[in-house]
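Peer 1: Dropping a structure here in structure tokens format, bear with me for questions.
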Amino acid sequence: GVQTCALPISTWASTQKGTSMSWETANELLAGDALCPRLKGWCIYLILCGDFSIYCGCTNDIHCRIKMHKEGKGAKYTRGRGPLFLIYTEKAKNKSEALKREYVIKSMSRKRKLELWENQRKGEATCH
């Protein structure tokens with residue numbers, strides 16, 4: 001299934017390069033359920049890559065798109081950067097809205113992207 005992160009940013013910060021926490025340890029702290037199991041239609045999403053970079057994309061089928069990323073058939077950026085974790089989703093009304101929001105999110109700082117994740121994890125933002 002789709003892996004998602006329900007890990008607080010403060011805990012995740014200890015997994016940054018140069019620290020002792022491994023991906024295996026981090027994986028034990030991650031939730032196994034889909035972030036938005038009922039999410040249908042266009043959405044914007046963030047993926048945390050194995051090199052700790054953050055990828056932003058949009059799709060009209062999140063589950064299929066994440067599967068493609070994990071199989072190396074998604075964006076060139078995510079190929080070879082596994083493991084990949086879906087950390088954020090945001091529903092859009094249509095393709096045009098999704099593309100515009102994707103552009104806005106891609107221009108955000110890493111800190112702001114992590115804040116999106118943290119707010120959604122806390123339930124302050126919704127993906128339904």
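Bear in mind that the values in this text are calculations on the coordinates, not laboratory data. Everything numeric in this text was worked out from a predicted model, so none of it was measured. Cβ: placed from backbone, ideal geometry, glycine included. Neighbour counts: every protein chain shown.
Peer 1: Could you order peptides 106-117, 56-67 by the average number of other Cβ atoms within 10 Å of their residues, highest first?
Peer 2: Numbers: 106-117: 14.2, 56-67: 18.9.
Those peptides, ordered most packed to least, come out 56-67, 106-117.
Peer 1: I've got another one for you. Count the net charge of all other residues whose Cβ sits under 11 Å from the Cβ of E97, scoring Lys and Arg as +1 and Asp and Glu as -1. Intermediate values should be presented prior to the final figure.
Peer 2: On the way: positive: K91, K93, K95, K100, R101; negative: E90, E102.
In short, +3.
Peer 1: Then there is this: Quick one: if you stick a label point 7 Å off each Cα along the C-beta vector at A75 and V104, how many nm between them?
Peer 2: It is 1.8 nm.
Peer 1: Also, I was wondering about something else. Under a Cβ-Cβ cut-off of 9 Å, what is the net charge of the residues other than I87 that fall near it, where Lys and Arg count +1 and Asp and Glu count -1?
Peer 2: On the way: positive: K113, R121; negative: none.
Neighbourhood net charge equals +2.
Peer 1: Still on this structure, please answer the following. Within the set K67/K106; K73/K122; K40/K67; K40/K95, which residue pairs have Cα atoms separated by over 24 Å? Don't skip to the end; give the middle numbers.
Peer 2: Details: K67/K106 21 Å; K73/K122 31 Å; K40/K67 15 Å; K40/K95 13 Å.
Cα-Cα > 24 Å for K73/K122; rest within.
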